[in-house]
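*Asks:* What follows is a structure written as C-alpha coordinates; I'll ask about it next.
The values are calculated or read from the model by the stated rules, or taken from the named source; none is laboratory data. Source: prediction; values computed, not measured. Quick reminder, even Gly has a Cβ in these numbers, built from the backbone with ideal geometry, and neighbours come from all protein chains shown.
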Amino acid sequence: MTQTPARHYIDGDWVSEGGPLQDSLNPATFDTLGQFYPGSGALTAAAASAARSAFFETAWSQSPRLRAQALFEIADRLEAAKDEIADLVVAENGKIRSEAMGETMGAISETRYYAGLARNIRGTMQETAPGNMSLFNREAAGVAGVIVPWNAPVTLLMRSLAPALAAGCTTVIKPAQQTPLVHARIMEAITSAPSLPKGVVNSVNENGIEVGQAMTVSPDIDVISFTGSSRTGAAIMAAAAPTLKRVGLELGGKAPAIIFDDADLDLAVKELTHGSLAMAGQICVAAARFLVHDKIAAEFEARITNAFQQVRTGPGSDPASDMGSLIDEANRKRVEALLEQAADEGEVLLKGERLGQGAFLTPSLFRIDDLQSSLVQEELFGPLVSVESFADEAEAIHKANATPYGLAASVFSTDGARAMRAARAIRGGTVWINSHLRLFAEGETGGYGKSGLGRLHGPEGLHDFLETKHIYMEAGVIPQTAR
(Lines give C-alpha, C1' and ligand atoms only; values in the text may rest on other atoms or scores of the structure.)
Protein backbone atom coordinates (compact mmCIF):
# COMPACT_ATOMS: atom_id res chain seq x y z
CA MET A 1 0.00 0.00 0.00
CA THR A 2 1.54 3.30 -1.08
CA GLN A 3 -0.01 6.73 -1.42
CA THR A 4 0.77 10.43 -1.67
CA PRO A 5 3.14 11.44 1.13
CA ALA A 6 1.29 12.61 4.23
CA ARG A 7 1.40 16.40 4.44
CA HIS A 8 0.84 19.05 7.07
CA TYR A 9 -2.33 21.15 7.12
CA ILE A 10 -1.87 24.78 8.09
CA ASP A 11 -4.30 27.71 7.78
CA GLY A 12 -6.53 25.95 5.28
CA ASP A 13 -3.76 24.66 3.01
CA TRP A 14 -1.92 21.37 2.58
CA VAL A 15 1.79 21.94 3.09
CA SER A 16 4.51 19.78 1.49
CA GLU A 17 7.55 20.92 3.45
CA GLY A 18 10.01 19.47 5.92
CA GLY A 19 12.07 16.95 4.00
CA PRO A 20 13.65 14.58 3.57
CA LEU A 21 10.63 12.32 3.39
CA GLN A 22 10.40 9.59 6.02
CA ASP A 23 8.95 6.10 5.60
CA SER A 24 5.94 4.65 7.40
CA LEU A 25 6.15 0.88 7.90
CA ASN A 26 3.62 -1.91 8.23
CA PRO A 27 4.48 -3.57 11.58
CA ALA A 28 3.04 -6.89 10.40
CA THR A 29 5.43 -7.13 7.44
CA PHE A 30 8.01 -4.35 7.91
CA ASP A 31 7.18 -3.25 4.35
CA THR A 32 7.05 0.46 3.51
CA LEU A 33 3.44 1.66 3.31
CA GLY A 34 4.14 5.21 2.25
CA GLN A 35 5.97 8.36 3.27
CA PHE A 36 5.34 11.55 5.16
CA TYR A 37 6.79 15.03 5.41
CA PRO A 38 8.34 15.52 8.86
CA GLY A 39 7.47 18.69 10.70
CA SER A 40 9.61 21.37 12.34
CA GLY A 41 9.50 24.07 14.95
CA ALA A 42 8.91 26.66 12.23
CA LEU A 43 5.92 24.80 10.83
CA THR A 44 4.55 24.38 14.33
CA ALA A 45 4.85 28.12 14.95
CA ALA A 46 3.02 28.82 11.69
CA ALA A 47 0.21 26.42 12.64
CA ALA A 48 -0.11 27.94 16.12
CA SER A 49 -0.18 31.45 14.67
CA ALA A 50 -2.92 30.45 12.21
CA ALA A 51 -4.96 28.89 15.01
CA ARG A 52 -4.57 32.01 17.16
CA SER A 53 -5.67 34.28 14.33
CA ALA A 54 -8.70 32.08 13.69
CA PHE A 55 -9.60 32.20 17.37
CA PHE A 56 -9.59 36.00 17.59
CA GLU A 57 -10.59 36.95 14.04
CA THR A 58 -13.47 34.56 13.30
CA ALA A 59 -16.80 33.98 15.02
CA TRP A 60 -15.91 30.35 15.78
CA SER A 61 -15.50 30.68 19.55
CA GLN A 62 -18.87 32.45 19.91
CA SER A 63 -20.90 30.37 17.46
CA PRO A 64 -22.09 27.13 19.11
CA ARG A 65 -24.49 26.31 16.26
CA LEU A 66 -21.67 26.65 13.72
CA ARG A 67 -19.46 24.41 15.83
CA ALA A 68 -22.19 21.79 16.14
CA GLN A 69 -22.82 21.87 12.41
CA ALA A 70 -19.11 21.50 11.61
CA LEU A 71 -18.74 18.57 14.00
CA PHE A 72 -21.75 16.78 12.52
CA GLU A 73 -20.24 17.30 9.05
CA ILE A 74 -16.91 15.89 10.25
CA ALA A 75 -18.66 12.84 11.70
CA ASP A 76 -20.49 12.24 8.42
CA ARG A 77 -17.25 12.45 6.44
CA LEU A 78 -15.44 10.13 8.83
CA GLU A 79 -18.28 7.65 8.48
CA ALA A 80 -18.14 7.83 4.69
CA ALA A 81 -14.42 6.99 4.86
CA LYS A 82 -14.65 4.43 7.69
CA ASP A 83 -13.56 1.41 5.65
CA GLU A 84 -10.56 3.18 4.19
CA ILE A 85 -9.57 4.54 7.60
CA ALA A 86 -9.92 1.13 9.26
CA ASP A 87 -7.83 -0.51 6.54
CA LEU A 88 -5.09 2.08 7.09
CA VAL A 89 -5.18 1.45 10.85
CA VAL A 90 -4.72 -2.28 10.24
CA ALA A 91 -1.84 -1.65 7.86
CA GLU A 92 -0.02 1.06 9.78
CA ASN A 93 -0.83 0.17 13.39
CA GLY A 94 -0.99 -3.65 13.17
CA LYS A 95 -4.22 -4.26 15.08
CA ILE A 96 -6.91 -6.61 13.82
CA ARG A 97 -9.61 -5.16 11.61
CA SER A 98 -12.48 -5.55 14.08
CA GLU A 99 -10.49 -3.42 16.54
CA ALA A 100 -9.66 -0.90 13.82
CA MET A 101 -13.30 -0.60 12.78
CA GLY A 102 -14.43 -0.41 16.41
CA GLU A 103 -11.97 2.40 17.00
CA THR A 104 -13.13 4.27 13.90
CA MET A 105 -16.80 3.97 14.83
CA GLY A 106 -15.96 5.06 18.37
CA ALA A 107 -14.36 8.22 16.98
CA ILE A 108 -17.47 8.93 14.91
CA SER A 109 -19.67 8.45 17.98
CA GLU A 110 -17.40 10.78 19.96
CA THR A 111 -17.65 13.48 17.30
CA ARG A 112 -21.43 13.34 17.18
CA TYR A 113 -21.65 13.35 20.98
CA TYR A 114 -19.69 16.60 21.25
CA ALA A 115 -21.57 18.09 18.32
CA GLY A 116 -24.64 17.79 20.54
CA LEU A 117 -22.89 19.23 23.59
CA ALA A 118 -21.61 22.24 21.60
CA ARG A 119 -25.09 23.82 21.86
CA ASN A 120 -25.48 23.07 25.55
CA ILE A 121 -22.58 24.92 27.22
CA ARG A 122 -24.19 27.05 29.89
CA GLY A 123 -23.04 29.41 32.62
CA THR A 124 -24.71 30.40 35.88
CA MET A 125 -25.89 33.54 37.68
CA GLN A 126 -25.76 34.36 41.38
CA GLU A 127 -27.26 37.36 43.20
CA THR A 128 -24.97 38.08 46.16
CA ALA A 129 -27.02 41.05 47.39
CA PRO A 130 -30.20 42.75 46.16
CA GLY A 131 -29.48 43.80 42.57
CA ASN A 132 -25.84 42.70 42.65
CA MET A 133 -25.48 40.06 39.96
CA SER A 134 -22.53 37.79 39.23
CA LEU A 135 -22.65 36.09 35.85
CA PHE A 136 -20.36 33.07 35.39
CA ASN A 137 -19.78 32.50 31.69
CA ARG A 138 -18.12 29.41 30.21
CA GLU A 139 -16.02 30.33 27.21
CA ALA A 140 -13.31 28.80 25.04
CA ALA A 141 -9.82 28.66 26.55
CA GLY A 142 -8.05 29.63 23.31
CA VAL A 143 -5.76 27.52 21.12
CA ALA A 144 -5.58 23.83 22.03
CA GLY A 145 -2.66 21.62 21.12
CA VAL A 146 -3.62 17.95 20.67
CA ILE A 147 -0.81 15.38 20.87
CA VAL A 148 -2.02 12.00 19.60
CA PRO A 149 -0.48 8.56 20.38
CA TRP A 150 -0.01 5.75 17.89
CA ASN A 151 -1.97 3.02 19.65
CA ALA A 152 -5.45 4.37 18.77
CA PRO A 153 -4.83 7.16 16.25
CA VAL A 154 -8.47 7.67 15.31
CA THR A 155 -10.34 7.51 18.63
CA LEU A 156 -7.68 9.26 20.68
CA LEU A 157 -7.52 12.11 18.19
CA MET A 158 -11.26 12.76 18.19
CA ARG A 159 -11.50 12.20 21.96
CA SER A 160 -9.54 15.45 22.40
CA LEU A 161 -10.26 17.29 19.15
CA ALA A 162 -14.06 16.99 19.30
CA PRO A 163 -14.47 18.55 22.78
CA ALA A 164 -11.87 21.22 21.93
CA LEU A 165 -13.86 22.23 18.86
CA ALA A 166 -17.19 21.96 20.69
CA ALA A 167 -15.87 24.31 23.38
CA GLY A 168 -14.88 26.88 20.76
CA CYS A 169 -11.11 26.37 20.74
CA THR A 170 -9.01 26.43 17.61
CA THR A 171 -6.44 23.67 17.35
CA VAL A 172 -3.01 22.40 16.39
CA ILE A 173 -2.61 18.62 16.12
CA LYS A 174 0.54 16.52 16.26
CA PRO A 175 -0.06 12.92 15.09
CA ALA A 176 2.18 10.07 16.15
CA GLN A 177 5.20 9.47 13.97
CA GLN A 178 4.22 5.78 13.60
CA THR A 179 0.76 6.51 12.10
CA PRO A 180 1.01 9.55 9.78
CA LEU A 181 -0.90 7.96 6.87
CA VAL A 182 -3.93 7.16 9.04
CA HIS A 183 -3.86 10.71 10.32
CA ALA A 184 -3.60 12.23 6.86
CA ARG A 185 -6.73 10.38 5.76
CA ILE A 186 -8.60 11.54 8.86
CA MET A 187 -7.48 15.12 8.18
CA GLU A 188 -8.87 14.86 4.64
CA ALA A 189 -12.24 14.00 6.14
CA ILE A 190 -12.09 16.72 8.79
CA THR A 191 -10.98 19.51 6.49
CA SER A 192 -13.62 18.69 3.88
CA ALA A 193 -16.34 19.86 6.30
CA PRO A 194 -17.75 22.96 4.57
CA SER A 195 -18.69 24.76 7.79
CA LEU A 196 -15.18 24.56 9.27
CA PRO A 197 -13.46 27.98 9.03
CA LYS A 198 -9.90 28.23 7.78
CA GLY A 199 -7.33 28.04 10.55
CA VAL A 200 -9.56 26.32 13.13
CA VAL A 201 -7.89 22.91 12.62
CA ASN A 202 -4.17 22.68 11.82
CA SER A 203 -1.87 19.66 11.83
CA VAL A 204 1.91 19.21 11.74
CA ASN A 205 3.59 15.80 11.41
CA GLU A 206 6.17 14.87 14.02
CA ASN A 207 9.93 14.75 13.48
CA GLY A 208 11.39 12.89 16.44
CA ILE A 209 10.20 15.07 19.32
CA GLU A 210 10.70 18.48 17.71
CA VAL A 211 7.06 19.28 16.97
CA GLY A 212 5.74 18.12 20.34
CA GLN A 213 8.35 20.20 22.14
CA ALA A 214 7.55 23.26 20.01
CA MET A 215 3.84 22.93 20.78
CA THR A 216 4.46 22.59 24.50
CA VAL A 217 6.52 25.78 24.80
CA SER A 218 4.59 27.88 22.24
CA PRO A 219 3.15 31.10 23.68
CA ASP A 220 0.38 30.86 21.06
CA ILE A 221 -0.98 27.59 22.47
CA ASP A 222 -3.09 27.86 25.64
CA VAL A 223 -3.96 24.21 26.33
CA ILE A 224 -2.17 20.92 25.70
CA SER A 225 -4.20 17.70 25.56
CA PHE A 226 -1.80 14.76 25.61
CA THR A 227 -2.33 11.01 25.65
CA GLY A 228 0.76 8.88 26.15
CA SER A 229 3.32 7.68 28.65
CA SER A 230 3.64 9.05 32.17
CA ARG A 231 7.28 9.92 31.55
CA THR A 232 6.45 12.05 28.52
CA GLY A 233 3.47 13.56 30.33
CA ALA A 234 5.73 14.73 33.16
CA ALA A 235 8.15 16.24 30.61
CA ILE A 236 5.28 18.09 28.92
CA MET A 237 4.04 19.42 32.24
CA ALA A 238 7.51 20.73 33.10
CA ALA A 239 8.05 22.26 29.66
CA ALA A 240 4.62 23.94 29.75
CA ALA A 241 5.30 25.58 33.13
CA PRO A 242 7.07 28.73 31.84
CA THR A 243 4.05 29.67 29.71
CA LEU A 244 1.62 28.53 32.43
CA LYS A 245 -0.53 26.75 29.87
CA ARG A 246 -3.14 24.28 30.98
CA VAL A 247 -2.30 20.60 30.47
CA GLY A 248 -4.71 17.68 30.25
CA LEU A 249 -2.87 14.39 30.55
CA GLU A 250 -4.15 10.86 30.08
CA LEU A 251 -1.10 8.80 30.87
CA GLY A 252 0.00 5.26 31.65
CA GLY A 253 -1.94 2.58 33.44
CA LYS A 254 -1.40 -0.65 35.33
CA ALA A 255 -4.98 -1.85 35.56
CA PRO A 256 -5.58 -4.53 38.21
CA ALA A 257 -8.38 -7.05 37.79
CA ILE A 258 -9.55 -8.48 41.11
CA ILE A 259 -11.06 -11.97 40.82
CA PHE A 260 -12.81 -12.92 44.07
CA ASP A 261 -13.45 -16.53 45.06
CA ASP A 262 -17.16 -16.24 44.18
CA ALA A 263 -16.50 -14.88 40.68
CA ASP A 264 -18.07 -16.42 37.58
CA LEU A 265 -14.80 -17.78 36.18
CA ASP A 266 -16.16 -18.41 32.71
CA LEU A 267 -17.12 -14.74 32.49
CA ALA A 268 -13.90 -13.51 34.12
CA VAL A 269 -11.67 -15.48 31.76
CA LYS A 270 -13.60 -14.33 28.69
CA GLU A 271 -13.58 -10.67 29.74
CA LEU A 272 -9.97 -10.61 30.84
CA THR A 273 -8.60 -12.40 27.81
CA HIS A 274 -10.02 -9.66 25.63
CA GLY A 275 -9.46 -6.96 28.26
CA SER A 276 -5.74 -7.68 28.52
CA LEU A 277 -4.91 -8.55 24.90
CA ALA A 278 -6.94 -6.01 22.91
CA MET A 279 -4.55 -4.08 20.66
CA ALA A 280 -1.89 -6.63 21.69
CA GLY A 281 -2.00 -5.16 25.19
CA GLN A 282 -0.89 -1.77 23.83
CA ILE A 283 -3.65 0.21 25.50
CA CYS A 284 -3.34 2.08 28.76
CA VAL A 285 -6.55 0.63 30.28
CA ALA A 286 -5.74 -2.99 29.41
CA ALA A 287 -5.93 -5.45 32.32
CA ALA A 288 -2.27 -5.72 33.32
CA ARG A 289 -2.43 -7.53 36.69
CA PHE A 290 -4.69 -10.46 37.58
CA LEU A 291 -5.22 -10.44 41.37
CA VAL A 292 -6.80 -13.77 42.26
CA HIS A 293 -8.17 -15.13 45.55
CA ASP A 294 -6.02 -17.94 46.96
CA LYS A 295 -8.95 -20.40 46.88
CA ILE A 296 -9.33 -20.20 43.11
CA ALA A 297 -5.82 -19.21 42.05
CA ALA A 298 -4.85 -22.59 40.61
CA GLU A 299 -8.11 -23.01 38.70
CA PHE A 300 -8.00 -19.46 37.35
CA GLU A 301 -4.37 -19.82 36.25
CA ALA A 302 -5.19 -23.01 34.37
CA ARG A 303 -8.20 -21.46 32.67
CA ILE A 304 -6.59 -18.15 31.71
CA THR A 305 -3.45 -19.91 30.46
CA ASN A 306 -5.57 -22.10 28.22
CA ALA A 307 -7.52 -19.09 26.98
CA PHE A 308 -4.31 -17.21 26.16
CA GLN A 309 -3.01 -20.26 24.29
CA GLN A 310 -6.13 -20.25 22.12
CA VAL A 311 -5.60 -16.64 21.00
CA ARG A 312 -4.67 -16.64 17.31
CA THR A 313 -1.93 -14.10 16.69
CA GLY A 314 -1.53 -12.94 13.11
CA PRO A 315 -1.95 -10.17 10.54
CA GLY A 316 -4.75 -7.75 11.28
CA SER A 317 -6.04 -8.20 7.75
CA ASP A 318 -6.65 -11.94 8.38
CA PRO A 319 -10.21 -12.51 9.70
CA ALA A 320 -8.91 -15.53 11.64
CA SER A 321 -6.58 -13.38 13.79
CA ASP A 322 -7.60 -12.59 17.35
CA MET A 323 -4.58 -10.38 18.08
CA GLY A 324 -2.34 -8.39 15.77
CA SER A 325 1.28 -7.32 15.96
CA LEU A 326 3.12 -4.96 18.24
CA ILE A 327 3.78 -1.53 16.78
CA ASP A 328 7.38 -2.21 15.78
CA GLU A 329 10.42 -4.43 16.28
CA ALA A 330 11.84 -2.24 19.04
CA ASN A 331 8.75 -2.79 21.17
CA ARG A 332 8.77 -6.53 20.51
CA LYS A 333 12.36 -6.70 21.76
CA ARG A 334 11.39 -4.58 24.77
CA VAL A 335 8.56 -6.97 25.71
CA GLU A 336 10.81 -10.00 25.21
CA ALA A 337 13.32 -8.47 27.63
CA LEU A 338 10.52 -8.02 30.18
CA LEU A 339 9.60 -11.67 29.76
CA GLU A 340 13.18 -12.67 30.55
CA GLN A 341 13.01 -10.50 33.67
CA ALA A 342 9.77 -12.25 34.63
CA ALA A 343 11.54 -15.61 34.38
CA ASP A 344 14.20 -14.34 36.81
CA GLU A 345 11.83 -12.74 39.34
CA GLY A 346 8.80 -15.00 39.17
CA GLU A 347 7.43 -17.99 37.31
CA VAL A 348 6.52 -17.85 33.64
CA LEU A 349 3.22 -19.63 33.09
CA LEU A 350 3.08 -19.03 29.35
CA LYS A 351 5.99 -17.73 27.29
CA GLY A 352 5.25 -15.62 24.23
CA GLU A 353 6.80 -16.63 20.95
CA ARG A 354 7.74 -14.80 17.79
CA LEU A 355 5.64 -15.52 14.71
CA GLY A 356 6.03 -14.66 11.06
CA GLN A 357 7.96 -11.78 9.56
CA GLY A 358 6.46 -8.84 11.42
CA ALA A 359 6.48 -7.65 15.04
CA PHE A 360 4.32 -10.54 16.29
CA LEU A 361 4.58 -11.94 19.80
CA THR A 362 2.07 -14.41 21.24
CA PRO A 363 0.59 -13.74 24.72
CA SER A 364 2.55 -14.32 27.93
CA LEU A 365 1.58 -14.88 31.58
CA PHE A 366 3.77 -14.89 34.65
CA ARG A 367 3.24 -15.32 38.39
CA ILE A 368 4.97 -12.89 40.74
CA ASP A 369 4.79 -12.14 44.49
CA ASP A 370 7.09 -9.10 44.82
CA LEU A 371 4.98 -5.93 44.87
CA GLN A 372 8.11 -3.82 44.58
CA SER A 373 9.27 -5.40 41.31
CA SER A 374 9.32 -3.08 38.32
CA LEU A 375 7.24 -5.72 36.55
CA VAL A 376 4.44 -4.90 38.98
CA GLN A 377 5.13 -1.20 39.44
CA GLU A 378 5.65 -0.10 35.82
CA GLU A 379 3.46 -0.22 32.73
CA LEU A 380 4.54 -3.08 30.41
CA PHE A 381 2.36 -2.12 27.42
CA GLY A 382 2.23 -5.41 25.57
CA PRO A 383 0.68 -8.91 25.64
CA LEU A 384 2.33 -9.72 28.96
CA VAL A 385 0.23 -10.03 32.15
CA SER A 386 1.12 -10.83 35.76
CA VAL A 387 -0.81 -13.13 38.10
CA GLU A 388 -0.78 -12.33 41.83
CA SER A 389 -2.78 -13.79 44.71
CA PHE A 390 -4.54 -12.45 47.80
CA ALA A 391 -6.11 -13.94 50.92
CA ASP A 392 -8.95 -11.53 51.68
CA GLU A 393 -10.70 -8.35 50.57
CA ALA A 394 -8.35 -6.01 52.40
CA GLU A 395 -5.27 -7.56 50.81
CA ALA A 396 -6.89 -7.39 47.38
CA ILE A 397 -7.45 -3.65 47.73
CA HIS A 398 -3.98 -3.10 49.16
CA LYS A 399 -2.40 -4.84 46.18
CA ALA A 400 -4.68 -3.13 43.67
CA ASN A 401 -3.60 0.27 45.01
CA ALA A 402 0.08 -0.64 45.38
CA THR A 403 1.31 1.00 42.15
CA PRO A 404 1.63 4.72 41.35
CA TYR A 405 -0.96 4.36 38.57
CA GLY A 406 -4.71 4.73 38.85
CA LEU A 407 -6.30 4.74 35.41
CA ALA A 408 -8.58 1.71 35.35
CA ALA A 409 -9.43 -1.54 37.13
CA SER A 410 -12.03 -4.28 37.21
CA VAL A 411 -13.69 -6.41 39.88
CA PHE A 412 -15.22 -9.86 39.39
CA SER A 413 -17.67 -11.11 42.01
CA THR A 414 -21.24 -12.40 42.12
CA ASP A 415 -21.70 -10.51 45.43
CA GLY A 416 -22.92 -7.07 44.35
CA ALA A 417 -22.14 -5.39 47.66
CA ARG A 418 -18.60 -6.77 47.72
CA ALA A 419 -18.01 -5.70 44.12
CA MET A 420 -19.21 -2.18 44.89
CA ARG A 421 -17.08 -1.96 48.05
CA ALA A 422 -14.02 -2.94 46.08
CA ALA A 423 -14.84 -0.57 43.22
CA ARG A 424 -15.19 2.33 45.66
CA ALA A 425 -11.94 1.46 47.44
CA ILE A 426 -9.78 1.19 44.30
CA ARG A 427 -7.91 4.38 43.45
CA GLY A 428 -8.74 4.42 39.75
CA GLY A 429 -10.56 6.68 37.32
CA THR A 430 -12.64 3.82 35.90
CA VAL A 431 -13.63 0.57 37.59
CA TRP A 432 -15.64 -2.03 35.68
CA ILE A 433 -17.68 -4.65 37.56
CA ASN A 434 -17.80 -8.14 35.97
CA SER A 435 -16.43 -6.70 32.73
CA HIS A 436 -13.34 -4.98 31.41
CA LEU A 437 -12.62 -2.46 28.67
CA ARG A 438 -15.97 -0.75 28.16
CA LEU A 439 -15.32 2.71 26.71
CA PHE A 440 -17.85 5.12 25.20
CA ALA A 441 -18.29 8.82 24.55
CA GLU A 442 -20.67 9.45 27.44
CA GLY A 443 -18.44 8.05 30.20
CA GLU A 444 -15.49 10.06 31.49
CA THR A 445 -12.04 8.45 31.62
CA GLY A 446 -8.91 9.65 33.35
CA GLY A 447 -6.61 8.73 36.15
CA TYR A 448 -5.27 9.16 39.64
CA GLY A 449 -1.58 9.55 40.45
CA LYS A 450 0.83 8.93 37.57
CA SER A 451 -2.11 8.18 35.28
CA GLY A 452 -2.68 11.85 34.61
CA LEU A 453 -4.72 15.00 35.10
CA GLY A 454 -8.23 15.83 33.95
CA ARG A 455 -10.89 13.78 32.22
CA LEU A 456 -11.77 12.95 28.63
CA HIS A 457 -15.09 11.69 27.24
CA GLY A 458 -18.38 12.80 28.75
CA PRO A 459 -19.40 16.34 29.76
CA GLU A 460 -16.19 16.72 31.80
CA GLY A 461 -14.23 16.25 28.59
CA LEU A 462 -15.11 19.86 27.79
CA HIS A 463 -13.59 21.25 30.98
CA ASP A 464 -9.95 21.35 29.86
CA PHE A 465 -10.98 23.54 26.93
CA LEU A 466 -13.17 26.03 28.79
CA GLU A 467 -12.51 28.99 31.04
CA THR A 468 -14.96 30.48 33.55
CA LYS A 469 -15.39 34.24 33.34
CA HIS A 470 -17.01 36.20 36.18
CA ILE A 471 -18.95 39.28 35.05
CA TYR A 472 -20.26 41.46 37.88
CA MET A 473 -22.98 44.08 37.59
CA GLU A 474 -24.80 46.21 40.18
CA ALA A 475 -28.14 46.55 38.48
CA GLY A 476 -29.95 47.63 41.60
CA VAL A 477 -33.60 46.95 42.34
CA ILE A 478 -36.81 48.63 41.36
CA PRO A 479 -37.84 50.84 44.29
CA GLN A 480 -41.08 50.12 46.02
CA THR A 481 -43.91 52.58 45.41
CA ALA A 482 -46.56 53.58 47.89
CA ARG A 483 -49.85 51.82 47.52
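*Asks:* Just checking, which of Ala342, Ala307, Ala320 is within 18 Å of His274 (Cα to Cα), within 28 Å of the chain's Cα centre (by Cα), at pLDDT 95 or above and in a helix (DSSP H, G or I)?
*Replies:* Numbers: Ala342 fails: within 18 Å of His274 (Cα to Cα); Ala320 fails: in a helix (DSSP H, G or I).
Ala307 is the lone residue from the list that is within 18 Å of His274 (Cα to Cα), within 28 Å of the chain's Cα centre (by Cα), at pLDDT 95 or above and in a helix (DSSP H, G or I).
*Asks:* What number of residues within segment 349-374 are without any contact (Cβ under 8 Å) to a residue 24 or more places away in the chain and under 17 Å from Gly281 (Cβ atoms)?
*Replies:* Qualifying residue count, segment 349-374: 3.
*Asks:* Go through segment 243-284 residue by residue and tally those that are surrounded by fewer than 24 Cβ atoms within 10 Å (Cβ to Cβ), among the acidic types (Asp, Glu) and in contact (Cβ under 8 Å) with a residue 40 or more places away in the chain.
*Replies:* Within segment 243-284, residues that are surrounded by fewer than 24 Cβ atoms within 10 Å (Cβ to Cβ), among the acidic types (Asp, Glu) and in contact (Cβ under 8 Å) with a residue 40 or more places away in the chain number 3.
*Asks:* So, in segment 345-364, how many residues would count as being outside any loop (DSSP other than H, G, I, E, B), farther than 23 Å from Gly228 by Cβ and within 25 Å of the chain's Cα centre (by Cα)?
*Replies:* 2
*Asks:* Quick test of your reading of the structure: Thr44 fulfils all but one of (1) touching a residue at least 60 places away in the same chain (Cβ under 8 Å); (2) part of a loop (DSSP other than H, G, I, E, B). Name the failing condition by number.
*Replies:* It fails just one condition, (2).
*Asks:* Of the residues that make up segment 159-179, is at least one in contact with a Phe, Trp or Tyr (Cβ under 6 Å, 6 or more places away or on another chain), hydroxyl-bearing (Ser, Thr, Tyr) and at negative phi?
*Replies:* Scanning segment 159-179, I find at least one residue that is in contact with a Phe, Trp or Tyr (Cβ under 6 Å, 6 or more places away or on another chain), hydroxyl-bearing (Ser, Thr, Tyr) and at negative phi, so the answer is yes.
*Asks:* Right, here's the next one. Quick check on this structure: which one of Thr155, Thr124 is more than 30 Å from Ala280 (Cα to Cα), of a type in the set (Ser, Thr, Tyr) and either in contact with a Pro (Cβ under 8 Å, 6 or more places away or on another chain) or at pLDDT 95 or above (or both)?
*Replies:* The match here is Thr124.
*Asks:* Sticking with this one: From the list Ile283, Ile304, Ile259, which residue is of a type outside the set (Phe, Trp, Tyr) and within 21 Å of His398 (Cα to Cα)?
*Replies:* The match here is Ile259.
*Asks:* Looking at Ser98, Ser53, can you tell me which residue is more than 26 Å from the chain's Cα centre (by Cα), surrounded by fewer than 24 Cβ atoms within 10 Å (Cβ to Cβ), of a type in the set (S, T, N, Q) and in a helix (DSSP H, G or I)?
*Replies:* Ser53
*Asks:* Moving on. Within segment 18-32, is even one residue in contact with an Asp or Glu (Cβ under 8 Å, 6 or more places away or on another chain), of a type in the set (A, V, I, L, M, F, W, C) and more than 15 Å from Asn202 (Cβ to Cβ)?
*Replies:* Yes - at least one qualifying residue is present in segment 18-32.
*Asks:* Need pairs with beta-carbon distance below 8 Å; first residue over 15 Å from Ile190 (Cβ atoms) and within segment 49-78, second polar (S, T, N, Q) and in a helix (DSSP H, G or I); sequence gap 6+ or separate chains.
*Replies:* Phe55/Ser61
*Asks:* Residue check, Gly212 against (1) surrounded by fewer than 21 Cβ atoms within 10 Å (Cβ to Cβ); (2) out of contact with any helix residue (DSSP H, G or I) (no Cβ under 7 Å at 6 or more places or on another chain), all met but one. Which one?
*Replies:* Failing condition for Gly212: (1).
*Asks:* The conditions are (1) more than 20 Å from the chain's Cα centre (by Cα); (2) assigned to a helix (DSSP H, G or I), and Met133 fails exactly one of them. Which is it?
*Replies:* The number of the failed condition is (2).
Results for (1) in contact (Cβ under 8 Å) with a residue 40 or more places away in the chain; (2) over 19 Å from Ala167 (Cα atoms), shown as yes or no for each residue.
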position: Thr414; (1), (2): yes, yes
position: Ala422; (1), (2): yes, yes
position: Arg427; (1), (2): no, yes
position: Glu442; (1), (2): yes, no
position: Gly447; (1), (2): yes, yes
position: Gly454; (1), (2): yes, no
position: His457; (1), (2): yes, no
